[in-house]
Amino acid sequence: MSVMTLTPIEKKPLSFALPVIGAAGGFAGLFVGTAHGSGLLGIAIGALALMALGFVALQILGLGMEKPVRWGIIALFTAVGVMVAGVPGFVLGVLFGWFFSWFIYWIGEGRYRANLAPYLTSGQVLWHYSFRVLCGAIFIFLITPILVVMPLSFNAQNFFTFTPEMLRFDPAGYSLKHYEDFFTSSGWQQALRNSLAIAPVATLLSVSFGTLAAIGLSSEHVPFRRAIMAILISPMIVPLIISAAGMYFFYSRIGLQGTYFGVVLAHAALGIPFVIITVTATLVGFDRSLTRAAANMGADPVTTFFRVQMPLILPGVISGGLFAFITSFDEVVVVLFVGSANQQTLPWRMFTGLREQISPTILAVATILVAISIVLLATLEMLRRRSERLRGMSPG
């Protein structure tokens, strides 16, 4: 069965394909070379090696030998990876070999234009893929530290580095003892209880006040809406250290510094902007004729809110609440200023643990927090899609 493409593809000249393939090889060689002490040497070797492979695959062997050549490239990268880094090198070799075996033919045969509009210029095609590569590089840059922390939390030794046993994937190098320490340590469990006692209450306050503020600010007759909105979302913009210092001096004067209620109020203030933004975004697609119809049928404002408006904006309210919960659960700067030793939260204990005693249990806690964040973000995505479907069903 033939595959229809937007643009007919054609083989590209080597004068174009080889430099592009070499640039990709040099980019990969930069990381490999840096890991072995010479980034410039890695760039040179990576570029020359990929250009040589591209010349052999495209010019000497041709398209008819694509599958055997691709398997050969994968085998070559795998062998080099095993010789250089053992078992981890095997995994990286397979991944690099698969990618570059595909990339050589993707560039050399002009397949990169298959799903693009035929009228795009070379510059537009370059920007199309450069933008995606840049976004991917930023994503990798942001996600790599998290991916490093997670396997380190299973280290059998009390180190913050990969041991030789871990690099060899030796089961003796892995252990759950840091997780066991977290769940059996009275100090860590007390910090967890404090976080679970503060975050839900702060979230409830954030959702209540933030939702009411968003509904009020969505009305056109409210004066100075923009100024009020700027003030309400300022905790999101102002650096936390400034907010924390201001809260400390203010709470000290009114007797809330070092109290549970003071920490809850501080975290609620930090979470309100997230609720306002998400609920306001949901209200953009809200059909106000529904509330007018409910009023015409005799419903009072409270009944209209809970029976008509709330079900439609509920995804935005829950999304804002989840953001407020994450903000409160992960916050450490403000609680250091306005809290006391009795309100030591999980992030606070992690911070003091890094400063006073280096314990790999911190890595286990960080991994647990990452897992919780992933679950909450997945919930947010499902709520976002549900909100879009509800707005699509609205008569407006």
Next on the checklist: I need a count of the residues in segment 249-290 that are part of a loop (DSSP other than H, G, I, E, B), open to solvent by 60 Å² or more (accessible area, probe 1.4 Å) and over 30 Å from GLU381 (Cα atoms).
Outcome noted: 1
Checklist entry - Among the residues of segment 160-179, which ones are more than 22 Å from VAL91 (Cβ to Cβ) and open to solvent by 80 Å² or more (accessible area, probe 1.4 Å)? => result LEU176
Checklist outcome for this item: Selection over segment 205-221 where residues are more than 20 Å from PRO347 (Cβ to Cβ) and open to solvent by 40 Å² or more (accessible area, probe 1.4 Å) yields a count of 5
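Which ones in segment 319-346 are closer than 30 Å to ARG385 by Cβ and surrounded by 17 or more Cβ atoms within 10 Å (Cβ to Cβ)?
Initial filter on segment 319-346 (closer than 30 Å to ARG385 by Cβ): 319-331.
The answer is SER319, GLY320, GLY321, LEU322, PHE323, ALA324, PHE325, ILE326, THR327, SER328, PHE329, GLU331.
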Item to check | Counted residues, segment 134-156 - those being over 17 Å from the mean Cα position of the chain (by Cα) and either of a type in the set (Lys, Arg) or exposed (fewer than 14 other Cβ atoms within 10 Å of the Cβ) (or both) | outcome: 1
Checklist entry - Restricting segment 291-329 to residues that are among the aliphatic types (A, V, I, L, M) and part of a loop (DSSP other than H, G, I, E, B), which is nearest to THR379 (Cα to Cα)? => result ALA299
Checklist outcome for this item: ILE242 vs (1) assigned to a helix (DSSP H, G or I); (2) in contact (Cβ under 8 Å) with a residue 24 or more places away in the chain; (3) hydrophobic (A, V, I, L, M, F, W, C); (4) in the same structural domain as GLN309 (by TED's automatic domain parsing): all pass except (2)
Checklist entry - Where residues in segment 77-116 are surrounded by fewer than 17 Cβ atoms within 10 Å (Cβ to Cβ) and over 33 Å from the mean Cα position of the chain (by Cα), which of them is modelled with the lowest pLDDT? => result MET83
Checklist outcome for this item: Of those in segment 180-203 that are within 22 Å of PHE325 (Cβ to Cβ) and without any contact (Cβ under 8 Å) to a residue 60 or more places away in the chain, the residue least open to solvent (accessible area, probe 1.4 Å) is GLN189
Next on the checklist: Just checking, does segment 216-232 include any residue being at pLDDT below 90, within 27 Å of SER340 (Cα to Cα) and not in a helix (DSSP H, G or I)?
Outcome noted: no
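Criterion first (open to solvent by 70 Å² or more (accessible area, probe 1.4 Å) and assigned to a loop (DSSP other than H, G, I, E, B)) does LYS67 satisfy it?
Details: open to solvent by 70 Å² or more (accessible area, probe 1.4 Å): yes; assigned to a loop (DSSP other than H, G, I, E, B): no.
It is false that LYS67 is open to solvent by 70 Å² or more (accessible area, probe 1.4 Å) and assigned to a loop (DSSP other than H, G, I, E, B).
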Checklist entry - Within segment 16-31, can one find any residue that is within 28 Å of the chain's Cα centre (by Cα), at pLDDT below 80 and either more than 17 Å from ARG113 (Cβ to Cβ) or among the polar types (S, T, N, Q) (or both)? => result yes
Item to check | Verdict on VAL370 being modelled with pLDDT of 80 or more, open to solvent by 70 Å² or more (accessible area, probe 1.4 Å) and not assigned by TED's automatic domain parsing to the domain that holds LEU204 | outcome: no
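The values are calculated or read from the model by the stated rules, or taken from the named source; none is laboratory data. As the structure is a prediction and not an experimental result, all values here were calculated from the model. Please note: Cβ atoms are built from the backbone with ideal geometry, for glycine as well, and neighbour counts cover all protein chains shown. The area values use the complete protein model at the heavy-atom level, side chains included, leaving out ligands, DNA and RNA. Shrake-Rupley method; radii C 1.70, N 1.55, O 1.52, S 1.80 Å.
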